[in-house]
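Data first, discussion second: the structure below is written as structure tokens.
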Amino acid sequence: MAETSFTGRINGIVFENNQDLFKIIDVDLISKLADYDRDNIRVTGNFGDIQIGSTYKFVGQVVVHEKFGKQFRVSSYEPVLPHEEGSLAKYLSSDKFPGIGKKAAEKIIASLGTNALDLIKSNPTEIENLDLTPKQKNSLLSGINQMDSFSEIVIKLAKYGINKKTAGNIYKAYHGDSLKKLEEDPYQAVGEIRGFGFRTADNIGQALGIELNDPKRVRGAILSILQSALSTLGDTYVALDDLLTQAYDLVQASSYDDLANSVNELQRQGKVVVSGDKAALQGIFQTELDISNELKRLVKNRVEKEKFSDEKIEHAINHAEEELEIKYDETQKKAIKNALNNPISILTGGPGTGKTTIINGILMCLKELAEIPSGALYSEDPPFLLAAPTGRAAKRMSEITDISAKTIHRLLGLGIGENDATDVNELNGEILIIDEMSMVDMFLFKQLLSGINSTKRIVFVGDQDQLPSVGAGNIFSDLIKSEAFPTTRLQVIHRQGEDSSIIKLAHAINEEDAEQIIFNKTKNYSFIPCQPRLVGDAIDQIVNLAIKRGFEKDDVQVLGAMYNGQGGITHLNDILQDVMNPMSSKTKVIEAHNESFRIGDRILQLQNNPEKDIYNGQIGKIIGLNPDDKAKILIADFDGREIEFSVKDLNDITRAYAITIHKSQGSEFPLVILNLTMQNYMMLRRNLLYTAITRAEKNLVMVGEKKAYLMALRTPGNDRKTDLASKIRHELGLKEVVEHDSNENIKQEQAQTEVKEEVTEPKDYILTPDLIYSGKINPMIGMEKIELKARD
């Protein structure tokens, strides 16, 4: 049968298979289609990147489906560029052309007319005459070039099992040469392309007939191991003997000599660095080196004459104590002196040890000693720069100091206007204080240091015992471990308020002395034994009871270790969504990645998005849904700012009634409900439990299996393999610190063995289905006498 064609506008996607890109799409006809007399048709076939609401020319055949009747089976398609002023302006300002908004689109149309896209496509030099920034010109040209090649590349990559998202990442890196590069050497993309691992490369390699012992494949395996250590474990290097052993197992067709030769070749190519008995990806090795050099610059550029005398500092501290109506102990005074008289200093301590009070003291003393007028604190170039990794942490910092604090990204101007990762704001001032440093990964830290210009003092504040950053590295711990900067460790608990039992529990966990108290029932915390399959029911009842007792819904946060499983985050969000934000007949709902989102839902941002100024771990609330507007399908409130989400942006959010402990870092909640069971045994570590417990401001309910909590208590946190501390000492000319083997692996094995032998709770004290559903047992065991109070 001969092929025919027609032009139509896509109304929606009826069905989509992300693996082979097969789609059934609903299309309104614009031009006539032979042997078809209706104005709407279902089009089937493999499609790459198509836009709902856009117009395309479809080539193929009309076929008859036995159930659905006439359909159009497409063999090829191409976008029809808009030529009407309104639709062209909307198209140019869409996410196909990042950085081009309504005003820039109007400039393009005013200069080139409604045939602008055709003109640029046939003659790219037309772009040079446009009144646009260099970044906008590049975006315009890149978007137009993608029209022809991207869809074709996506479809061809699908035959290798590569999904659309990874195909997009490949296209961003290699553009029109994507297929050529991958078919020449699929293993070169390992470590370069997000989502493209050794197994994916092997699928292509085997289809192309690449031998198992081909040097390209061996090099890909080595890069894959280094990349996996970085992205999965947060390690910045792999021990050389471990690397060779893992590569031998992965390749299964090479000798150790061949593997060693491949490592040497990767060094020659500038992709891997071997230093002593450690191997690292070149970019990661360089990032640690850059950080070390930046720290050296910041230390060496400061001069002794900027120091204040001990007498003046003591005098200023006395004034601060009078104003704050407190008394600093000697350790706290030492922290203030370190901050005032050193280019870089570090403050670490757990909850209740006085970090907040010390930050206030540092600022008050410096204001007096440097004779800073009060008005200057709120000027365009303030002398005090305060920042934290998350919006919540920055907001809390502002509240305690009464001085504006920003996220680190916002402070540096990352993602704002024309700024990119290498173009950051210069930071100048008397002092820079960064809070929640344990959350800062190596890449953000490098950007932060590169932006510091003439700032005289830098103070890094955090809790060394918390989980390390989600991103690679272990920056805060490495700064302390280097012993290159004055460090104050706060260990005395000063806060003795209503939440002090939680604080004491947190410190007992760090001191490995919590087993006798963690299962107690106190005024502020309680433990409820519960089988994994009943966790959802138990938490459902606890949350309902908390709300009845006066807790605001936004003050209740459920934490867990993992997304999957009976008590996993995903399952708990399904339950809690109906408790916290029940459906009504008028409730608007949209579906995305197997989740439903409703107006009023609490949501979590999963990726950094500097352009929107929202970051990984930030929590917001949905305030609007527009199912028919793909560019603004969802609107959410994040810390008082309205953020618009396109359909594509929905991949970066999830419901947040329950979140992982990692994502909760930098936030505190009046009531935390923590769920740990042996389903999470791979993640059960002391620092995970400690981090979770320190998220609770006033009340904590622990739910799950006793042996899971015991395993967490008895299992030290995994130390990330990083080389930053030694690099810092080397750059600063300090002697190497000898690290003693802590036998952490032996301790972990012992912990697992001991927990298996632990006696379980008496049967009648464990939550069972009968007890839960009959109401015979209170799901807040041990908290019956607690008066849950909403935040003042």
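Below is a table of values for the structure above.
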{"read-out": "Rounded FRET efficiency, nearest 0.05, which uses the C-beta distance separating Ala370 from Leu545 and R0 of 45 Å", "value": "0.30"}
{"read-out": "Set of segment 350-368 residues, backbone N closer than 16 Å to the point 7 Å along the Cα-Cβ line of Asn318", "value": "365, 368"}
{"read-out": "Extension reserve of the Ser231-Glu66 stretch, reckoned as 0.36 nm per residue once the Cα distance is removed", "value": "54.5 nm"}
{"read-out": "Between 0 and 90°, nearest 10: helix 391-401 axis offset from the chain longest Cα axis", "value": "30 degrees"}
{"read-out": "Virtual spin-label span in nm between Asn520 and Glu106, 7 Å along Cα→Cβ", "value": "6.7 nm"}
{"read-out": "Assigned charges on the beta-carbon of Lys, Arg, Asp, Glu; segment 151-283 dipole about Cα centre (debye)", "value": "700 debye"}
{"read-out": "Nearest-ten-degree value, helix 215-228 long axis tilted from longest Cα axis of the chain", "value": "50 degrees"}
{"read-out": "Length-normalised contact order of segment 161-218 in % [C-alpha pairs under 8 Å, at least 6 apart]", "value": "32 percent"}
{"read-out": "Shape category assigned to segment 655-699 from the gyration tensor of Cα positions, a/c cut at 1.5", "value": "prolate"}
{"read-out": "Helix-only [θ]222 nm of the chain, DSSP H runs n ≥ 4, -39500 (n - 2.57) each, per residue, nearest 500", "value": "-11500 deg cm²/dmol"}
{"read-out": "Cα gyration tensor shape of segment 530-569, rounded if a/c is under 1.5, else prolate or oblate by comparing a/b with b/c", "value": "oblate"}
{"read-out": "Three-way shape call for segment 197-242 based on the alpha-carbon gyration tensor, with the a/c threshold at 1.5", "value": "oblate"}
{"read-out": "Förster radius 41 Å - calculated FRET efficiency between Glu552 and Asn425 (Cβ-Cβ, nearest 0.05)", "value": "0.65"}
{"read-out": "Given Lys90/Lys137; Lys406/Lys612; Lys548/Lys588; Lys333/Lys355; Lys32/Lys57; Lys165/Lys588, the pairs whose alpha carbons are separated by over 20 Å", "value": "Lys548/Lys588; Lys165/Lys588"}
{"read-out": "Burial order of peptide ranges 687-696, 543-552 (average beta-carbon count within 10 Å, highest first)", "value": "687-696, 543-552"}
{"read-out": "Cα centroid of segment 342-357 to Cα centroid of segment 601-652, whole Å", "value": "34 Å"}
{"read-out": "Ranked by how many other beta carbons lie within 10 Å on average, peptides 620-631, 342-353, 183-194, 504-515 from highest", "value": "342-353, 183-194, 504-515, 620-631"}
{"read-out": "The chain: angle of helix 102-112 to the longest principal axis, Cα-based, in degrees nearest 10", "value": "30 degrees"}
{"read-out": "Two-site label geometry, Leu240 and Glu325: point separation in nm, points 7 Å out along Cα→Cβ", "value": "6.4 nm"}
{"read-out": "Contour excess over end-to-end distance, with Cα ends at Lys180 and Lys135 and 0.36 nm allotted per residue", "value": "13.5 nm"}
{"read-out": "Net lengthening on full extension, Asp39/Asp574 (0.36 nm per residue, minus Cα-Cα)", "value": "188.6 nm"}
{"read-out": "Normalised contact order of the chain, rounded percent, pairs of Cα under 8 Å and 6 or more residues apart", "value": "10 percent"}
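Where a number appears in this text, it was derived from the coordinates with a stated rule and is not lab data. Source: prediction; values computed, not measured. As a convention, Cβ positions derive from the backbone with ideal geometry for all residues, glycine included, and neighbour counts pool all protein chains shown.
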